[in-house]
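Mind looking over this structure? Questions follow.
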Amino acid sequence: MYSKFKKKDKVIVYGLGENEGKFYKNVLGTVIERDPYFKDFHIRFKNGTDDWFTEEFLKKPYQKENKKGN
């Protein structure tokens, strides 16, 4: 199965990190690696910190959300 995010891709994080349990709200980061067993992503931020996230908390910049309209 292919990954939605590749190494060195820029992503926007919106959710809980697994290391410290800190909540990140629309923070830009870079994918360092993907864990093939747990299927989560190691993300590094501009301030030098890093954390692990599942794919549900990540999105690509400029990606539109799927909203159903009437």
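Which value, in nm² and rounded to one decimal, describes the direction-averaged projected area of the C-alpha convex hull of the chain? Working shown, then result.
Details: hull surface 22.9 nm².
Averaged projected hull area, Cα only: 5.7 nm².
Same structure again: State in Å² the accessible area per residue of the chain; use a 1.4 Å probe, count heavy atoms of protein chains only, and round to the nearest integer.
On the way: 5780 Å² over 70 residues.
It amounts to 83 Å² per residue over the chain.
For the chain, what % of the accessible area comes from carbon and sulfur atoms, probe 1.4 Å?
For the chain, the apolar C and S fraction of the accessible surface comes to 51 percent.
In addition: Starting from the Cα of GLU20, move 7 Å in the Cα-to-Cβ direction to define the label point; list residues of the range 37-55 whose amide nitrogen is under 15 Å from there.
43-53
The values are calculated or read from the model by the stated rules, or taken from the named source; none is laboratory data. Computed from a prediction, not measured in an experiment: that's the story for all the values here. Every residue, glycine among them, receives a Cβ derived from its backbone with ideal geometry; neighbour counts consider all protein chains shown. Calculation scope for accessible area: heavy atoms of the full protein, side chains included, ligands and nucleic acids excluded. Shrake-Rupley method; radii C 1.70, N 1.55, O 1.52, S 1.80 Å.
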